[in-house]
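Peer 1: Structure below; questions to follow.
Read-outs throughout are calculated quantities, based only on the coordinates presented, and are distinct from any laboratory measurement. Computed from a predicted structure; not experimentally measured. Virtual Cβ from ideal backbone geometry, glycine too; neighbours counted across all protein chains shown.
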Amino acid sequence: MRINVKVTPNAKVPELSRISDTEYRAKVNARASEGKANIRLIEMLADHFNVTKSHIQILKGLKSREKVIDVIV
């Protein structure tokens with residue numbers, strides 16, 4: 001499954017909200033430096049979809065707030 005995620009890094013409270021079937025908004029409690037926000041996003045998505053972290057892959061947007069992510073369910 002492919003989803004689009006808009007990420008807000010350095011949030012006080014982590015939150016993942018579903019906008020539509022393929023769109024999500026994520027607030028991660030990690031800084032955007034050194035890929036820490038991407039790592040935290042992968043952890044949050046793995047918990048949400050109940051899969052391992054290796055089943056989540058960022059296809060586009062490694063250095064952007066708008067990401068395209070592949071989730072292997």
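Peer 1: If you go through segment 36-46 one residue at a time, do you hit one that is polar (S, T, N, Q), free of Cβ contacts under 8 Å to residues at least 40 places away in the same chain and surrounded by 15 or more Cβ atoms within 10 Å (Cβ to Cβ)?
Peer 2: Taking segment 36-46 as the starting set, the residues that turn out to be polar (S, T, N, Q) are 38.
Filter once more, keeping what is free of Cβ contacts under 8 Å to residues at least 40 places away in the same chain: 38.
Within this subset, residues satisfying the condition of being surrounded by 15 or more Cβ atoms within 10 Å (Cβ to Cβ) are 38.
Yes, some residue in segment 36-46 is polar (S, T, N, Q), free of Cβ contacts under 8 Å to residues at least 40 places away in the same chain and surrounded by 15 or more Cβ atoms within 10 Å (Cβ to Cβ).
Peer 1: Take the residues of segment 22-44 that are more than 11 Å from the chain's Cα centre (by Cα) and not charged (D, E, K, R): which is farthest from Lys63 (Cα to Cα)?
Peer 2: Thr22
Peer 1: Which is touching a residue at least 60 places away in the same chain (Cβ under 8 Å) and of a type in the set (A, V, I, L, M, F, W, C), of Val68, Val51?
Peer 2: Val68
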